[in-house]
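> One structure coming up, written as structure tokens, with questions to follow.
The values are calculated or read from the model by the stated rules, or taken from the named source; none is laboratory data. These numbers come from a predicted model, not from an experiment. Glycine also receives a Cβ, built like all others from the backbone with ideal geometry; neighbour counts cover every protein chain displayed. Note: accessible area is taken over every heavy atom of the protein model, side chains too, but ligands, DNA and RNA are not part of it. Shrake-Rupley method; radii C 1.70, N 1.55, O 1.52, S 1.80 Å.
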Amino acid sequence: MSWQKTFLSQLDEAGIFVKSEHVSPVVEMWQIDDKHWQHFAKLAAEHKMRWAAGWAEQVEGLFYVHACFEKSGDYVLLRTTINVSKPELPSQATVYAAANRSERHTHDMLGIEFMNHPDPRCWTRHKAWNKHDYPLRHNFSVQGSPAKITPPDTGYHFIQSHGVGVYEIPVGPVHAGIIEPGHFRFQAVGELILNLEERLGYVHKGTEKIAEGRTPESLAKLAGRVSGDTCVSHTWAACIAMEQAAGVEISKRAALIRGIFAERERIANHLGDIGAICNDVAFTFAFMQMMRLKELWCRTNYELFGHRFLMDKIVVGGVVVDVTEAAGKFIFTEIEQLRVELADLIPAIDLNSSLEDRLYTAGYLSPETAAHFGTLGFVGRASGQDFDVRRDAPYAPYDSVQVKVAFEDQGDIASRFWVRYKEINASMKLIEQFVEQLATLPEGDLVADWQTPKAESYGLGIVDGWRGEIVSYVRFGENNTIARFYPRDPSQLNWEALEKAVLNNIVPDFPVCNKSFNCSYSGCDL
Amino acid sequence: MLNTFKKIFSVGMVTEKYKAAYDEELETLGIEIKRRIDHKFTGSLAIRAVDAGSCNGCELEIHALNNPFYDVERFGIHFVASPRHADILLVTGVVSRHMETALLRTYDATPNPKWVIAMGDCASCGGEFGVSYASCGAVSNVIPVDMTINGCPPTPLVLLKGLLTLMEEKK
Ligand code: SF4
């Protein structure tokens, strides 16, 4: 952790005093004074640290405000405390664009004023609660005091454009396709997109608030529903956080099985999305074939493990279902078959010139923009962001294997397509290795005994879901109950990058650009 | 081009046969039907899917209905882009308060006669999210519901059986 030493001495020189605490092998907690909040961000940016997540919580008369940074696979969980009676903090969004929406979310949920924030509009709050009410404060009840019918949020000030031939297209929240709700505001001239603004928050379900007071088991279930397509990885991240807080060590077997589940989830989603990208440019053959492969894959999940998306199969302390020897054999044959299928399909897709026409150069996200917004996962990796938690901050079982990270730098839809294809291949290899390792361990030994964590203990789970890095924070209260849960889905950062990737594309290409990112609404709105 | 055709022929048809559920089967499948579709609609049903606050798990299974195994269109069931073209609203998720008005407007925009299916535990009974400052809970708390399909998410098989049974004339 050599960079941390240098950085700490730099902070020291700048008069920023740091109180540090060891959280996990990859995470250090640094507590600083609130007046240094923004200055820290400036120095961190100079030091090329990535801003990964931000959230806050009320602890009696104080707010704990957090920001999570990463560099070379080492994480710093920055914390400061401010008084509930004077909830002000200089904004880090002035330094890190990635912090923008996160701070607005924190403002809407807790009423913390981020001073000099570049965008003072609300984000998560529409009209379900009043301007000066803050759902995550202790004095706000879970039920709140909603109106009989919640009116629509009509007062949001979208960026306007003027000029000859410039027009505006509002889309959503209810879309034409079978997708989640959200609003897009396009400014266009002719077919060309001049600007896109997203307005999300429609599927805000109070996830953070209803997490409070839950048992660890029940939180694991809720975490699996932060974003249904990522149920495995979100549950995993939340479980790591809880296990860290409680000092519970899971068995090697359980870790391997978690790894198998997470890679199966990645493959399922990539298969489906590769198909869907082809569908959005009207190449139905590839769409149907990929959907067929995804269906077969989900059926195996169901037959072997009891759920098509493996929901609720990861629990605190381990997993609820074993990968038996027979299941392992089946998985091997299935992977062999998938390889054969893809060997037929991918060249057929690759040779299709109309597809080439639509996917290359479209939806371009430059490596600079990707870095600017802290873009994650396959979107980041297709735009030169060479980062993967599994390789750079490995957790069990990835610490026992070599993780090959797919990488491209052209930044267009085709790049994202190819990164996903490469990730399918890499995941298949990982699953094979995990299954092989399982054979050397005795069956059973799936769930470790739970220990009630001390009140105030906390943990930070960081895993690489199929969309990229997930950061999950859990703090316990008294009697084994959850005091705070905050999951940061990669979508939260990738959404902003999408706004830039569609610029200068034509409006009809928006669906395929959007699909090539496939951000989660639910995971972002919480 | 050649390898495309080769693949199409070598894979062949994977579409499977499905039938409406027997009355006794309904409960085990977690399907509850309050009002069936009028006979005159049974050959062709237009569905508008509305995510009113789901975790997106339910959407994945709606998508699966269109894959070649289930191929829902052969039963005359198709998904449409506007509620104005729909006979059925297939609603997923709890109704988040931020989506409440949008759902009401979508319901109003759907021409009569119309049916509403609440798909998944969230939509049918509130599921893991329930009622809170941010969520109205089950769909029936906001608009009238004619059929509920439990499951988190319901499998495409159950979903398809539910749709077929809804369309079937009650003997
Ligand atoms: S029923 Fe389950 S899968 Fe469907 S929206 Fe609710 S939590 Fe998600």
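> Between A:VAL447 and A:ASP399, how high is the FRET efficiency from 1/(1 + (r/R0)^6) when r is the Cβ-Cβ distance and R₀ = 30 Å? Nearest 0.05.
The formula returns an efficiency of 0.90 here.
> Also, I was wondering about something else. Please report, in debye to the nearest 20, how large the charge dipole of the protein assembly as shown is about its Cα centre when each Lys and Arg carries +1 at its beta carbon and each Asp and Glu carries -1 there.
1000 debye
> Once phi is turned into θ = phi - 60°, what whole-Hz ³J(HN,Hα) does the Karplus curve with 6.51, -1.76 and 1.60 give for every residue of region B:77-93, x standing for Gly and Pro?
Each residue's phi maps through the Karplus curve to give 9, 9, 8, 10, 8, 9, x, 5, 9, 9, 9, 10, 9, 9, 9, 10, x Hz.
> Accessible surface of A:ASP412 in the full protein assembly, 1.4 angstrom probe, to the nearest 10 Å²?
A:ASP412 exposes around 10 Å² with every protein chain in place.
> Which peptide among B:100-110, A:98-108 comes first, and what is the full order, when sorted by highest mean count of other Cβ atoms within 10 Å?
Those peptides, ordered most packed to least, come out A:98-108, B:100-110.
> Next question, about the same structure. Using a 1.4 Å probe on the protein heavy atoms only, what accessible surface does B:SER82 show? Give it in Å² to the nearest 10.
Counting only protein heavy atoms, B:SER82 exposes about 30 Å² to solvent.
> Further question on the same structure: Once the principal axes of the Cα atoms of region A:94-225 are found, what is the range along each, listed largest first in whole angstroms?
For region A:94-225, the Cα spread along each principal axis is 57, 39, 32 Å.
> A further question on this structure: Treat each spin label as a single point 7 Å out from the Cα along the C-beta direction, and report the A:ASN130 to A:TYR167 distance in nm.
My value for the distance between the label points is 4.2 nm.
> Placing +1 on the Cβ of each Lys and Arg and -1 on the Cβ of each Asp and Glu in region B:47-169, which of B:LEU89, B:GLY53, B:ALA109 has its Cα farthest towards the positive end of the resulting dipole?
The Cα lying farthest towards the positive end belongs to B:ALA109.
> Across peptide A:126-132, how many C-beta atoms of other chains are within 10 Å of each residue C-beta, on average?
The shielding value for this peptide is 3.
> Still on this structure, please answer the following. Checking an interface number: how much accessible area is buried between A and B, summed over both chains, with a 1.4 Å probe, in Å² rounded to 100?
4700 Å²
> Enter the Cα centre distance for the pair region A:294-335 and region B:118-141, rounded to the nearest angstrom.
28 Å
> What value, in deg cm²/dmol to 500, does the helix sum -39500 (n - 2.57) over DSSP H runs of n ≥ 4 give at 222 nm once divided by the residues of chain A?
So the calculated ellipticity at 222 nm is -12500 deg cm²/dmol.
> Still on this model: Take the Cβ-Cβ distance between A:GLU21 and A:SER218 as r, set R0 to 35 Å, and report the resulting FRET efficiency rounded to the nearest 0.05.
0.80
> Right, something else. A:ALA53's amide H: which non-local residues (gap 5+, or another chain) put their own amide H closer than 5 Å, with H modeled 1.01 Å from N in plane and none for Pro or chain starts?
A:CYS68
> Work out from phi, with θ = phi - 60° and the Karplus expression 6.51 cos²θ - 1.76 cosθ + 1.60, the ³J(HN,Hα) of each residue of region B:136-145, listed in order in whole Hz, and give x for Gly and Pro.
7, x, 4, 4, 5, 6, 10, 9, x, 10
> A further question follows. Taking the full set of protein chains and a 1.4 angstrom probe, give the accessible area of A:TRP123 in square angstrom, rounded to the nearest 10.
Counting only protein heavy atoms, the figure is 10 Å².
> Moving on to the next point. So, with a 1.4 angstrom probe, what is the percent of accessible area on chain A that is carbon and sulfur?
For chain A, the apolar C and S fraction of the accessible surface comes to 53 percent.
> For chain A, what is the percent of antiparallel DSSP beta bridges, rounded to the nearest 5?
The antiparallel fraction comes to roughly 85 percent.
> Can you bin every Cα-Cα distance in region B:47-169 into 10 Å intervals starting at zero and give me the percent of pairs per bin, rounded to whole numbers?
Result returned by the calculation: 15, 49, 32, 5, 0.
> Determine ³J(HN,Hα), in whole Hz, for all residues of region A:510-526 in sequence, where each value follows from phi through the Karplus function 6.51 cos²θ - 1.76 cosθ + 1.60 and θ = phi - 60°; x replaces Gly and Pro.
3J(HN,Hα) across region A:510-526, in whole Hz: 4, x, 6, 4, 4, 5, 5, 8, 6, 6, 8, 7, 4, x, 8, 7, 6.
> Further question on the same structure: Using only the heavy atoms of the protein chains and a 1.4 Å probe, how would A:SER145, A:SER20, A:SER383, A:SER161 rank by accessible area, largest first?
Working: A:SER145 100, A:SER20 75, A:SER383 0, A:SER161 40 Å².
From most exposed to least exposed: A:SER145, A:SER20, A:SER161, A:SER383.
> Semi-axes, largest first, in whole Å: what does sqrt of 5 times each Cα gyration tensor eigenvalue give for the protein assembly as shown?
Working: eigenvalues 276, 177, 147 Å².
Semi-axes (√(5λ), whole Å): 37, 30, 27.
> Quick one: Debye curve from the alpha-carbon atoms of region A:117-167 only, equal weights, vacuum; give me log10 I(q)/I(0) at q = 0.23, 0.27, 0.32 Å⁻¹ to two decimals.
Log10 of I(q)/I(0), two decimals: -0.98, -1.15, -1.30.
> Give the average, rounded to an integer, of partner chain Cβ atoms located within 10 angstrom of each Cβ in A:335-344. Mind showing how you got there, number by number?
Working: counts 0, 0, 0, 0, 0, 0, 2, 0, 0, 6.
Shielding by partners across A:335-344 averages 1.
> Now for a separate question. Counting partner chain Cβ atoms within 10 Å of every residue's Cβ in A:196-204, what's the average?
That works out to 4 on average.
> Using a probe radius of 1.4 Å on heavy atoms only, what accessible surface per residue do you get for region A:79-148? Whole Å² is fine. Could the numbers behind the result be given before it?
Numbers: 3100 Å² over 70 residues.
Accessible area per residue, region A:79-148: 44 Å².
> Hey, got the dipole for region B:47-169? About the Cα centre, +1 on K and R Cβ, -1 on D and E Cβ, debye to the nearest 20?
240 debye
> With every protein chain kept in place and ligands, DNA and RNA left out, what is the accessible area per residue of region B:47-169? Probe 1.4 Å, answer in Å². Write out the running numbers ahead of the final one.
Details: 3180 Å² over 123 residues.
Computed with neighbouring chains in place, this is 26 Å² per residue.
> DSSP loop trypsin sites (Lys or Arg not before Pro) in region A:1-83 with at most 13 other Cβ atoms within 10 Å of their Cβ, which ones?
On the way: sites: A:LYS5, A:LYS19, A:LYS35, A:LYS42, A:LYS48, A:ARG50, A:LYS71, A:ARG79; in loops: A:LYS48.
Those satisfying the criteria are A:LYS48.
> Quick check: the distance between the Cα centres of region A:357-408 and region A:229-273, to the nearest angstrom?
The two parts, judged by their Cα centres, are 19 Å apart.
> While we're looking at this one, here's another question. Region A:236-295: Rg/Rh from Cα coordinates, Kirkwood Rh?
That ratio equals 1.27.
> Given H placed 1.01 Å from N in the peptide plane, which residues other than close sequence neighbours of A:ALA362 have an amide H under 5 Å from its amide H?
A:ILE413, A:ALA414
> While we're on this one: Short version: what are the Cα gyration tensor semi-axes of region A:459-521, square root of 5 times each eigenvalue, largest first, in whole Å?
Numbers: eigenvalues 240, 20, 14 Å².
So the three semi-axes of region A:459-521 are 35, 10, 8 Å.
> Among A:LYS42/A:LYS404; A:LYS35/A:LYS131; A:LYS422/B:LYS6, which pairs are too far apart, with a Cα-Cα distance over 29 Å?
Details: A:LYS42/A:LYS404 33 Å; A:LYS35/A:LYS131 26 Å; A:LYS422/B:LYS6 24 Å.
Pairs exceeding the cut-off: A:LYS42/A:LYS404.
> Here's something else I'd like to know. Which entries in the list A:LYS205/A:LYS294; A:LYS515/B:LYS19; A:LYS294/B:LYS161; A:LYS294/B:LYS34; A:LYS19/A:LYS209 go over 31 Å, if you measure between the two C-alpha atoms of each? The partial results should precede the final answer.
Values: A:LYS205/A:LYS294 29 Å; A:LYS515/B:LYS19 33 Å; A:LYS294/B:LYS161 21 Å; A:LYS294/B:LYS34 33 Å; A:LYS19/A:LYS209 29 Å.
Too far apart for the 31 Å limit: A:LYS515/B:LYS19; A:LYS294/B:LYS34.
> Still on this structure, please answer the following. Just going by the charge dipole of the protein assembly as shown, with Lys and Arg at +1 and Asp and Glu at -1 on Cβ, which of B:ALA21, A:LEU342, A:GLN31 is farthest out on the positive end?
B:ALA21
> Rank A:ASN352, A:VAL164, A:TRP3 by how far each Cα sits towards the positive end of the charge dipole of the protein assembly as shown (+1 on Lys, Arg Cβ; -1 on Asp, Glu Cβ) and give me just the farthest.
It is A:VAL164, whose Cα lies furthest towards the positive end.
> Mind jotting down a quarter of the surface of the convex hull over the alpha carbons of region A:358-496, in square nanometres, one decimal?
For the Cα atoms of region A:358-496, the hull's average projected area reads 10.4 nm².
> Within region A:105-136, list the residues whose amide N lies under 19 Å from a label point set 7 Å along Cα→Cβ of A:ASP34.
What the label zone holds, given the 19 Å backbone N cut-off, is A:105-118, A:132-136.
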